[in-house]
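Chemist: Pasting in a structure now, in structure tokens, and then I'll have a few things to ask.
The numbers here are math on the coordinates, done by the rules we state, and not lab data. Just so we're clear, the structure is a prediction, and the values are computed from it rather than from any experiment. Virtual Cβ from ideal backbone geometry, glycine too; neighbours counted across all protein chains shown.
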Protein chains: 4
Amino acid sequence: MLKCGIVGGTGYTGVELLRLLARHPHVDISLVTSRGEAGRPVAELFPNLRGYLDLHFEAPHPARLADCDLVFFATPNGTAMKEVPALLDAGVKVVDLAADFRLKDPAVWEAWYGMPHACPELLGEAVYGLPELNRDAIAEARLVANPGCYPTATTLGLLPLLKEKLIDLDRIVADAKSGVSGAGRKAAVGSLLAEAGESFKAYAVPGHRHWPEISQILSGFTGKPVGLDFVPHLLPMIRGIHVTLYGYLTSDCDTLQAIYEEFYRDEPFVDVLPAGAHPETRSCKGANFCRIAVHRPRNGGTVIVLSVIDNLVKGAAGQAVQNMNLMAGFDEAAGLDVVALTP
Amino acid sequence: MLKCGIVGGTGYTGVELLRLLARHPHVDISLVTSRGEAGRPVAELFPNLRGYLDLHFEAPHPARLADCDLVFFATPNGTAMKEVPALLDAGVKVVDLAADFRLKDPAVWEAWYGMPHACPELLGEAVYGLPELNRDAIAEARLVANPGCYPTATTLGLLPLLKEKLIDLDRIVADAKSGVSGAGRKAAVGSLLAEAGESFKAYAVPGHRHWPEISQILSGFTGKPVGLDFVPHLLPMIRGIHVTLYGYLTSDCDTLQAIYEEFYRDEPFVDVLPAGAHPETRSCKGANFCRIAVHRPRNGGTVIVLSVIDNLVKGAAGQAVQNMNLMAGFDEAAGLDVVALTP
Amino acid sequence: MLKCGIVGGTGYTGVELLRLLARHPHVDISLVTSRGEAGRPVAELFPNLRGYLDLHFEAPHPARLADCDLVFFATPNGTAMKEVPALLDAGVKVVDLAADFRLKDPAVWEAWYGMPHACPELLGEAVYGLPELNRDAIAEARLVANPGCYPTATTLGLLPLLKEKLIDLDRIVADAKSGVSGAGRKAAVGSLLAEAGESFKAYAVPGHRHWPEISQILSGFTGKPVGLDFVPHLLPMIRGIHVTLYGYLTSDCDTLQAIYEEFYRDEPFVDVLPAGAHPETRSCKGANFCRIAVHRPRNGGTVIVLSVIDNLVKGAAGQAVQNMNLMAGFDEAAGLDVVALTP
Amino acid sequence: MLKCGIVGGTGYTGVELLRLLARHPHVDISLVTSRGEAGRPVAELFPNLRGYLDLHFEAPHPARLADCDLVFFATPNGTAMKEVPALLDAGVKVVDLAADFRLKDPAVWEAWYGMPHACPELLGEAVYGLPELNRDAIAEARLVANPGCYPTATTLGLLPLLKEKLIDLDRIVADAKSGVSGAGRKAAVGSLLAEAGESFKAYAVPGHRHWPEISQILSGFTGKPVGLDFVPHLLPMIRGIHVTLYGYLTSDCDTLQAIYEEFYRDEPFVDVLPAGAHPETRSCKGANFCRIAVHRPRNGGTVIVLSVIDNLVKGAAGQAVQNMNLMAGFDEAAGLDVVALTP
């Protein structure tokens, strides 16, 4: 059994990790840390775990963490980078669900996250944890940067088009919509039911932190600069991301469906829907899938891709478990055999 | 492996059965019937099942059903009673998720359901499938009447009080609230998001079909007539039932918490919360638990019990699987180890 | 034109007052105070007011308030009681939307609100602002305590039964459900969409501050102690309160419908629905009505009353405007001719 | 007083018309027709109208309609076109809220609506009822085609860019999201709360009926073909449309904000938000506004416009009243002074 620790277990990615790991066949959850809730039973804060997890939150102690085989950071941005070097030195593997190790360039990190990076020397080693892109490197990694939710859905939606060089790289639109759990479990007026319910809006149009992350992946994959317009929106619901992607074909192509099916043929968690489909976010609710449909309306010059995930699963905790499975040599799908809830 | 059939697989109890049975370690789903959707892949109608279920809906044929070990009826009221006798004769066990076999008196059935009963001779044999009440009989049964959602939450909330004869049987209030999935997956104006969303109302105050069902259980358990006022309400959400129960103590009692904990000590799916708790319906979302809290405000004469379930799981499909496990001699919790989704 | 000031205009009762007063034919809004938002355009915080209100929030200054004819306090509990005496001395009338002047006994106030009362000498003078109960006194008042939301819906539902002495005063159940806007516009984890959405729970079962308020009104009206069980619940929606009331008839009565219709015949804002109806909270969304239905299931001993309001209108800002109209001698319905939004 | 009739008053645009007209200072509602609900009090079906409207639904009779000054059709597509010619002959003005008179080319109508047009000779006369585009023509019109909801929000968002010839007409993206009331008040599984709640999806990506409508307006305004990609999505909420528009600048422009403010300076119902704003759909809930923000992220080549309306008000009934006001010579804003509900 793999001894796992979770740093920062009181947020939504934390409780979601616990939901998945509590039933994982090869994992022992050794500890869950929280400064604010230290001493409190985890299942008191999250009653859905009653009967599945008999742990108390504990204050973080380096020695306790160093005793784990693998540690998940489900902390705010800027926390993991301070603690990871010591853990790696102690031989502990790390999956960081925050943004600390996603960007390769420390100057870009500082520009978008407003603080200098604490261990820029690790940015080169950290593997971006999108298994569909970096499976082999993840399996060898000591340190995995778990991707952001929007970047996961956006990238998976675009990869087949980019691989086949089908679209104009200067003009890609990613119109993204997320449920409010993406904002985390923190008291904020804008996330109140009475504010975010029964309403819809865009946010961060001038610039969102996931834009440089997506740009880095797409440019890295294509080897060229990519002109991406990315607008996130807040959905009046809890879970789910839907990204609507628009690309302009650079030449005719009548095999889009086959290209997508072929690209993802062997992927356990990417599901290409039949031609003509419109994926619903709920088809992934609680499950680790990304479901994708590709359209070319009126056989014209625009290809439209619809990509949905559960932002807390494939967009966070589920992908983290998938990465852990790869890093530990388990079946990649272990602990992730959850059927989405419908309705 | 137990060969199971599902009659009427296009509703919410149907898809929920499929979600649970698709991962059940001892079950093969042999067939799923639907007249309206015959020939269509089940996972096309319910994309959450993609990758888990490779069946097509088929029109119901008696011979195909007779070939199963156990058949679930997830049909509208009045369907199962026409088909069950032949199946039992063929040696097939049956769990009916509709109301056909819940009421013992065919006259009461006819009064509340508006049609004569097709096989009143089976009403005596049918076992009311509340494991906490009838575990042994269920294990021996050929035919189990799966309880209604409101009756499950209400009865589990009251049993300890009734066993200890603590409250006035003439004046019990059950104020019940259900998510809209309880109304089923049928086109009805009243269940539209634009009608049932952002609003709340009582319904069926003059009389609801679950009132005679609850009354029958409570009277059967106490051996006396029970004066129950039951008002169901429609919640602007999808899943979950919360019943708020009010009883008047007939004598002082300062051990309510202990009585509840003791009564349900060995139950795998009834969870008595710590004193002072207020269960949320979401603590059971997707899971087979009933979570209960008991209060006695200001140490006065009223005991207030809060009882929550997921109406589609412990209130329908999950309890049906629990009953099947008992009937087949499996571990009672097999296939039901699902952690509720939070958030 | 009546010169009105609003103290504490950044909460939900504040913005709702502004919505109603901005179109009121006889009111000038002189100032809206907020310490935190001083200097900011009101319509920037609440864009629904763009085009209707050209004011900035300002820090509270006694002289500015003393220059008003009437001041509304839309502040947290415990604020108004410190400022009201000086305003009254300056000849300003006051409507307090918080709880400061609702309870007559300062000891009860202190027990439930956790602080001593700052001006107990005014508790006797303050008029409880339920027009259906105290219309004449409100018209003469300098200081009106605007009722709580739950007490409004509960009291209006019970008054006809109490007046006619129809029910057992020892056993009344008020099972109350409120939308989350009742918790106010403050950052709190429990009010997040991801916490309160798609879920339902009771809260404060051991004791809620509206219980002594309701008890005081009912006892005052009947002249006897009243045994009330009151359980509030949190609805996964924004606006609306539904109270389900259970009373036990002390003698037979087959004229309940007529009694209710007669009692509220001349009330502009209490609407008795036809026999058999089930009011929806949305039928009052944005409007100042209380809609009521009365039932006696199976002609038995229990009378069940369903009472709905918009907690921010008849339960707060709308009733405050109604009180202001009475105090100023305007048409009681001035500024309140808003049709509820459906859907 | 203008005598108005409403044909088809049982849908959401019908009840919304009634909400607005019931308080309109210059309108008498003469009749509301419904075949299915004939004889039933309107306020029984829509209790929000209790106290404001004392009419019964009646079966449609030509003579009764011919007696009106103006008739609104709030009927399914294909109904008005059969009845309008006779009404016009009788001297009655008409506002059609359906699509019957929106498209100028009867072949395009037939292609998208699946039926031949019943009175193609009127298509030339019918005025497209977007006051910001056709105010003078509307004032003179006998027959006004009330715009679709998506076309209203999309067109108002694009007009300033098109007028100033700022963007590439070949590549415009309109990513549109609508609350579920846009699907109407008809029983349909896809609109159930349990289906459309807590989920999000695109629909009609291959082609939606509002695409030719928008294309016609934009091409008419620019005098050139316009390459528009339009993807509608279904929001898990009741009211509101948000359109996110992407255009590619053909030359540098640093005065976008001023251009928008200037273009809509005198418009009573189009509100250009301050630079940097992100309009919420709820800022228009129940009100006739379109609120717009314009962005140019990172000063790059893409202009992004955010345009929100209430689909039932500026997207349907409110705009119909605005058109009626123009046709009747009333103040354009009469009856439309409703402040949006927040929260």
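Chemist: Report, as an integer, the average count of C-beta atoms from other chains found within 10 Å of each Cβ along C:172-184.
Modeler: Mean inter-chain Cβ contacts per residue within 10 Å come to 4.
Chemist: Only Cα pairs under 8 Å and at least 6 apart count here; give the relative contact order of the stretch D:1-67 as a rounded whole percent.
Modeler: Once divided by the residue count of the stretch D:1-67, the mean separation gives 33 percent.
Chemist: Also, quick follow-up: So for the stretch D:150-311, averaging the separation of alpha carbon pairs under 8 Å that are six or more residues apart and normalising by length, what relative contact order in percent results?
Modeler: For the stretch D:150-311, the relative contact order is 31 percent.
Chemist: To the nearest 0.05, what FRET efficiency results for A:Thr255 and A:Arg23 with a Förster distance of 51 Å applied to their C-beta separation?
Modeler: E between A:Thr255 and A:Arg23, to the nearest 0.05, is 0.80.
Chemist: Rounded to whole Å, give me the distance from the Cα center of the stretch A:3-33 to that of the stretch D:137-180.
Modeler: Cα centres, the stretch A:3-33 to the stretch D:137-180: 50 Å.
Chemist: Can you give me the distance in nm between label points at C:Lys163 and A:Ala187, each placed 7 Å from the Cα along the Cα-to-Cβ direction?
Modeler: Once both label points are built, they end up 4.3 nm from each other.
Chemist: Another question about this same structure. Need one number: % antiparallel among DSSP beta bridges in the stretch A:204-343, to the nearest 5.
Modeler: 80
Chemist: While we're here: To make sure I understand the rule: partners must be lysines, Cα under 29 Å from the Cα of D:Lys93, and not fewer than 8 residues away in the same chain. Which ones qualify?
Modeler: D:Lys3, D:Lys82, D:Lys104, D:Lys186, D:Lys285, D:Lys314
Chemist: Taking the Cα centre of the stretch A:2-125 as origin, sum charge times position over the Cβ atoms of Lys and Arg (+1) and Asp and Glu (-1), and report the length of that vector in debye to the nearest 20.
Modeler: 340
Chemist: Rank the residues D:Glu37, A:Glu164, D:Glu280 as a footprinting-exposure proxy: fewest other Cβ atoms within 10 Å of their Cβ go first.
Modeler: A:Glu164, D:Glu37, D:Glu280
Chemist: Please state the charge dipole magnitude for chain C, taken about the Cα centre, from unit charges on C-beta atoms (+1 on K and R, -1 on D and E), reported in debye and rounded to the nearest 20.
Modeler: Value, rounded to 20: 700 debye.
Chemist: Additional query: Between the label point of A:Ala66 and that of the same position in each other copy, find the distances and list them shortest first in nm, with every label point placed 7 Å from Cα along the Cα-to-C-beta direction.
Modeler: Ordered by increasing distance: 6.8, 7.3, 9.6 nm.
Chemist: To the nearest 0.05, what FRET efficiency results for D:Asp170 and B:Glu267 with a Förster distance of 60 Å applied to their C-beta separation?
Modeler: 0.35
Chemist: Go through C:Val42, C:Ala63, C:His26 and say which Cα lies farthest out towards the positive end of the charge dipole of the stretch C:2-125; charges sit on Cβ, +1 for Lys and Arg, -1 for Asp and Glu.
Modeler: C:Val42
Chemist: When Lys and Arg each count +1 and Asp and Glu each count -1, what net charge do the other residues less than 14 Å away from D:Ala333, Cβ to Cβ, add up to?
Modeler: -3
Chemist: In percent, what relative contact order does the stretch C:25-143 have, based on Cα pairs under 8 Å that are 6 or more apart in sequence?
Modeler: The normalised contact order for the stretch C:25-143 reaches 18 percent.
Chemist: Please arrange B:Ser181, D:Ser178 by how many other C-beta atoms lie within 10 Å of their C-beta, fewest to most.
Modeler: Fewest-to-most ranking of B:Ser181, D:Ser178: D:Ser178, B:Ser181.
Chemist: So which residue of C has the beta-carbon closest to the axis that swings C onto B, and how many whole Å away?
Modeler: Measuring from each Cβ to the axis, the minimum is at C:Asp175, 2.
Chemist: Just want the ordering: C:Thr281, C:Thr33, from fewest to most Cβ atoms lying within 10 Å of their own Cβ.
Modeler: Placing the least packed residue first, the sequence is C:Thr33, C:Thr281.
Chemist: Right, another one. What does the copy distance list look like for C:Arg298, label position 7 Å along Cα→Cβ, in nm and ordered from shortest?
Modeler: Taking the point 7 Å beyond Cα along Cα→Cβ, the inter-copy spacings are 3.1, 6.4, 7.0 nm.
Chemist: Moving to a separate point now. Which of rounded, prolate, oblate describes the stretch C:207-292, given a ≥ b ≥ c as roots of the alpha-carbon gyration tensor eigenvalues and a/c under 1.5 marking rounded, otherwise prolate only if a/b is larger than b/c?
Modeler: Judged from the Cα gyration tensor, the stretch C:207-292 comes out oblate (a/c at least 1.5, b/c at or above a/b).
Chemist: While we're here: Are there DSSP H segments in chain D that both extend 20 Å or more along their axis (alpha-carbon positions) and score a mean Kyte-Doolittle hydropathy of at least -1.0? List them, or say none.
Modeler: Those that pass (Cα extent of 20 Å or more, hydropathy at least -1.0) are D:149-163.
Chemist: Express as a percent, rounded to the nearest 5, the fraction of DSSP beta bridges in the protein assembly as shown (both residues included) that run antiparallel.
Modeler: 45
Chemist: Which of the aspartates and glutamates could a cross-linker bridge to D:Lys224, judged by Cα under 17 Å and excluding same-chain residues fewer than eight apart?
Modeler: Excluding near neighbours in sequence, the set is D:Asp105, D:Glu164, D:Asp168, D:Asp170, D:Glu213.
Chemist: From the label point of B:Gly220, set 7 Å from Cα along Cα→Cβ, how far away are the matching label points in the other copies, in nm, ordered shortest to longest?
Modeler: Label-point distances to the other copies, shortest first: 5.1, 6.2, 6.8 nm.
Chemist: What net charge do the residues around C:Val313 carry, taking every other residue with its C-beta under 14 Å from that of C:Val313, with Lys and Arg at +1 and Asp and Glu at -1?
Modeler: Residues near C:Val313 contribute +3 overall.
Chemist: A further question follows. Can you give the % of DSSP beta bridges in the stretch B:2-125 that are antiparallel, to the nearest 5?
Modeler: Restricted to the stretch B:2-125, the bridges split so that about 5 percent are antiparallel.
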